[in-house]
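Here is the structure we will look at.
What follows draws every value from the coordinates through simple rules; no lab data is involved. Since this is a predicted model, take the numbers as computed values, not measurements. With ideal geometry, Cβ positions are generated from the backbone for all residues, glycine too; neighbour counts draw on all protein chains shown.
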Amino acid sequence: MAEVQLSGVSKSFKSTKAVIDMDLTIPDGAFVVLLGPTGAGKTTTLRLIAGLEKPDTGDIHIGGTSVTDLTPAQRDVAMVFQQYSLYPHMSVRDNLAFPLRSPILKTPEDEIARKVQEVADVLHIPHKLDNKATELSGGEMQRVSIGRALVRDPQVYLMDEPLSSLDAKLRADLRVELKRIHAELAATLLYVTHDQIEAMTMATYVGVLDEGRLVQFGTPRDIYENPRTAYVAARLGQPRINLLPVGLLGEDAPAGAHQVGLRPENIRHGSGRDAQVVRVEHLGDQTRLHLKVADHDVITLTDPHTSLNAGETIQIAPENPVFFDAAGARIT
Amino acid sequence: MSAYSVTEPSTRSKWFAGSLVILYALITMIPLAWIMLTGFKSPSDAISYPPKVVFEPTLEGYVNLFTTRTRQTQDFLEANPPQNWADEIVREYDMVIVGPSKFGERFLNSVIIGFGSTFLSIFLGTLAAYAFSRFKIPLADDLLFFILSTRMMPPIAVAIPIFLMYRNLGLSDTHLGMILLYTAVNISLAVWLLKGFIDEIPREYEEAALIDGYTRFQAFYKVVLPQAATGIASTAIFCLIFAWNEYAFAVLLTSATAQTAPPFIPTIIGVGGLDWPAVAAGATIFLLPVMIFTILLRKHLLRGITFGAVRK
């Protein structure tokens, strides 16, 4: 396993700037999640590290050596693609063995058999080994695809939204499984997703991307509590942070503040400004209140067994607000 | 995996469609059946009018196709009794078999040239199609158009220049010359058809193979080729059919050593003019390899024709 370092990496496709001047260090053994909406440059970053794209400028180092001019095979990275990309003409077993049989690894067949069995057990697919790759369900395909990366012992694992096409239960199971595998192998892992729950639960570090730029890099907790911009603040947290005009709830704003960010759990009930209850969502473990304060929507959490109903009025006050200027940058 | 139509067609429309298919099959198969029947007729039955559908079958046509015969005197015939069943058939015309005909040789030429040029077309076509499909090639569209443009005039229009060129290069009447010629005609079809098939194969498969530790070329033959099998099979059939049936260039450029079956078969002379049963027998045998090749690749062919529609 090794450290991965991007310095000043840029990549454009025709007129689209996919990645702009990116500096990113993925520490050895870290589970780094790149978070951002579609088109933020997450997948391009992954492909640049894998060697499937060549950067226009900048340098990429894996384990201290520059790999910018190396082929994907020479970089010794493993990648899980979003669309599985299992080799359809091969059995599951041959799919898993494929990287081990490569001219670079040339693993002896008995060791291949052992490793394939091991990975199949971890991913709960040993009974599917002799199926054709096309005779699997979506979840099984994705597990085989992850397995094809895990049979190897590469410098770094790259995963491109590997769980996005799975159903909720399987996704939750595999999240735990991936985290366990990461801990067990002490692997360096770069994981791309737009799912903030995956980011929060699995990452040692999260990098938030916006239109090709890395806007913040830190632990999930740090990014959640100290977002550097309004954009980053809105990427993490469910329900999303409330971004309101300064002064709406009567907080003390520093000079230059334009917007105030309030997490739903940071709204105190019982005193302060009047807010009208628009909707009450009972989710079982929590209840969300959709409020209206002078024409602005505010979402907050309340007691799961609340007796509040739509149309009633309550008082709310801010707690630990964060402030952003007109450009969306944090004011501290 | 597969799509099903929401509503079954009605019984009546199925009958209608079925009858149309049968009718069409009958029309296209009558000449074929007639050729096959003629191969088993005697020369007089073959040219009788009205045409005979019921007749006494004989292997005369096949014997004449494969042998050379000479007419002999009665004394000679009485002194040398027939050696085998084939000999007996030719005795009716006071003839004896003196050796094999050139048909076997011509047929073998057809096999060498037909399959040789098909292999070469597919080999070069697949590599070119892959390059056009996957790499940024300067002026790719113009090159593709140029390749296609070689099909825009009838090949026979360049017969004279090719004839002269081949004579100077020493390629006239050689297997290599014919293989190169048929490959040159087929390559544009092969590149265009195969490019379509390779375009349909997602790049992710190769990218996965590249990351799994393989070179570009290894990824090509381990991952892309097996998935292009369908397209390769159907393209190969089209190439083979052209090379196998080609007549004009074969007449013009081949005579003694590399002559293929198509120019040879119509020249089989029997007693008093063309030996139609032998010609028909030759045509029947000539049909077989393409038929067998097509039947072997039938599964691929059907999938090949409906490729883009079924795959997703």
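Before moving on, here are some points about what is shown:
- Projected area averaged over orientations for segment A:51-194, convex hull of C-alpha atoms, nm²: 9.3
- Kirkwood estimate for segment A:242-331, i.e. one over the average of 1/r between Cα atoms, Å: 13.5
- Backbone amide hydrogens, once placed in the peptide plane, bring A:Thr219 within less than 5 Å of A:Val206, excluding anything fewer than 5 places away on its chain.
- Degrees, to the nearest 10: A:109-122 long Cα axis against longest axis of chain A: 20
- Charge tally in the Cβ shell below 15 Å around A:Thr302, where Lys, Arg are +1 and Asp, Glu are -1, A:Thr302 excluded: -2
- Under the Karplus curve 6.51 cos²θ - 1.76 cosθ + 1.60, θ = phi - 60°, whole-Hz ³J(HN,Hα) for segment A:3-17, x wherever Gly or Pro sits: 7, 10, 9, 10, 10, x, 7, 10, 8, 10, 10, 6, 9, 8, 8
- Partner shielding of A:81-93 amounts to 4, given as the average count of beta-carbon atoms from other chains within 10 Å of each residue beta-carbon.
- Within segment A:266-313, the proportion of C-alpha pairs whose separation exceeds 13 Å stands at 53%.
- Candidates per trypsin sites (Lys or Arg not before Pro) in segment B:136-189, loop by DSSP, up to 13 other Cβ within 10 Å: B:Lys136
- Radius of gyration and maximum dimension Dmax of segment B:56-101, Cα, Å: 10.3, 30
- A quarter of the convex hull surface defined by the alpha-carbon atoms of segment A:145-234 gives 6.4 nm² as the mean projection.
- Cross-link reach is defined here as a Cα-Cα straight distance under 19 Å, omitting same-chain residues fewer than 8 places apart; for A:Lys179 the aspartates and glutamates meeting it are A:Glu3, A:Asp28, A:Glu118, A:Asp121, A:Glu140, A:Asp153, A:Asp160, A:Glu161, A:Asp167, A:Asp195, A:Glu198.
- Rg and Dmax of the protein assembly as shown, both derived from C-alpha coordinates alone, stand at 37.4, 135 Å.
- Kirkwood Rh, angstrom, chain A [1 / mean 1/r, Cα pairs]: 22.1
- HN-Hα J in Hz across segment A:271-281 - Karplus 6.51, -1.76, 1.60, θ = phi - 60°, x for Gly and Pro: 8, x, 6, 6, 9, 8, 6, 9, 8, 10, 10
- Average projection area in nm² (convex hull over Cα atoms of segment B:121-190, one quarter of hull surface): 5.3
- When you restrict to C-alpha pairs under 8 Å that are six or more residues apart and normalise by the size of chain A, the relative contact order lands at 17 percent.
- Counting every other Cβ atom within 10 Å of each residue's Cβ, A:Leu209, A:Leu150 order from fewest to most as A:Leu150, A:Leu209.
- Screening chain B for whole DSSP H helices of 27 Å or more along their axis (Cα) with average Kyte-Doolittle hydropathy at least 1.6 returns B:276-296.
- Sites A:Asn309 and A:Asp222, calculated FRET efficiency, Cβ-Cβ separation with R0 56 Å, nearest 0.05: 0.90
- Under the criterion of Cα pairs below 8 Å and six or more residues apart, the relative contact order for segment A:242-331 equals 37 percent.
- Based on the Kirkwood approach, the hydrodynamic radius assigned to segment A:22-112 is 15.4 Å, with every pair of different Cα atoms included.
- Cross-link reach list, lysines versus A:Lys17, counting only Cα pairs under 17 Å and skipping chain neighbours closer than eight places: A:Lys42, A:Lys54
- Sorted by Cβ density within 10 Å, fewest first, the residues B:Arg69, B:Arg106, A:Arg180, A:Arg213: A:Arg180, A:Arg213, B:Arg69, B:Arg106
- Each Cα pair under 8 Å and six or more residues apart adds its separation to the average, and for chain B the resulting relative contact order is 27 percent.
- Reachable aspartates and glutamates from B:Lys41, criterion Cα separation under 12 angstrom, eight or more residues apart if same chain: B:Glu56, B:Glu60, B:Asp275
- Placed amide H near A:Ser102: partners under 5 Å, 5+ positions off or other chain: A:Thr107
- A simple spin-label model places the labels of B:Arg71 and A:Thr71 7.2 nm from each other, with each point 7 Å out along Cα-to-Cβ.
- Helix A:168-185 axis, angle to chain A major axis (alpha carbon atoms, nearest 10°): 60
- Whole-Å semi-axes of chain B's equivalent ellipsoid (Cα gyration tensor): 46, 28, 17
- Average partner coverage of A:101-108, which counts Cβ from other chains inside 10 Å: 3
- Dipole of segment B:104-267, positive direction: furthest Cα of B:Phe197, B:Cys239, B:Asn109, with charges on the beta-carbon: B:Asn109
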